[in-house]
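Below is one structure, written out as structure tokens; the observations come after it.
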Amino acid sequence: MNNSVTNTARLLGAGLRALLVLTLVTGVVYPLVVTGIAQALFHDKANGSEIKADGKVVGSSLIGQQGYSLAYFQPRPANGLGQNSVNTQYKLILSGATNLAADSKVLSKQVEDAKAAVVKNNSVPGYTVRPSDVPADAVTSSGSGLDPDISPAYAELQVHRVAAKNGLPVAQVEKLVKDHTTGRSLGFIGEPRVNVLQLNIALKDLVAKK
């Protein structure tokens, strides 16, 4: 009887020690090590790829924003997004696609309306945009609706409007787009792209120096 109690106590003690050790290793040591490595080697990415302007965080390079005036470069449409119906105090935007089929009349109308708006908004004196000039990303939303980038073609299409709205030389705005164009990852993955938020921050700085 005494041996049974002793063995049980010993097993319980061993189990408790194992629990404490594993809790310490997996619940404290491991998270601290991983967090430390992430902060040391990937500080920007570990903190959400934040973008700052005038000393304040204005967004993330990974998440697109809507609501820019026509004086700035426009992002891709976000037709698939909706408002949060639960926490309406902050009107949070939900990520999502349109889920419309390629033969959907609703999707076709959205694309045609978006194309007409792009043509109208970007046609300025001395520069006329034709419907055939409008790239696909200018009239379609991404799968998440939060794509932070646009194609160089869409950015270049907007150059004349942005230059006219801000009283800047076209060549200066073209250079701004070129300087903020990122090539394919590792030289062959994906497509060249322009981050809209970073480009607009640079535009704002350029206008301020005018």
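Which residues, taken from the range 124-139, are over 13 Å from residue 159 (Cβ atoms) and free of Cβ contacts under 8 Å to residues at least 60 places away in the same chain?
Step one: list which residues in the range 124-139 are over 13 Å from residue 159 (Cβ atoms), which gives 125, 128, 130-132, 134-139.
Matches in the range 124-139: 125, 128, 130, 131, 132, 134, 135, 136.
Going residue by residue through the range 146-169, is there one that turns out to be basic (Lys, Arg) and over 24 Å from the mean Cα position of the chain (by Cα)?
yes
Select from the range 108-122 the residues that are more than 21 Å from residue 163 (Cα to Cα) and under 23 Å from the mean Cα position of the chain (by Cα) and list them in ascending order.
If the condition is that a residue be more than 21 Å from residue 163 (Cα to Cα) and under 23 Å from the mean Cα position of the chain (by Cα), then 110, 111, 114 are the ones that fit.
Name the pairs: first residue in the range 162-175 and under 13 Å from residue 69 (Cα atoms), second residue β-branched (Val, Ile, Thr) and modelled with pLDDT under 95, Cβ to Cβ under 8 Å, at least 6 apart or on different chains?
166/207
The values are calculated or read from the model by the stated rules, or taken from the named source; none is laboratory data. Not measured: the values here are computed from a predicted model. Reconstructed Cβ throughout: ideal geometry from the backbone, glycine too, with neighbour counts over all protein chains shown.
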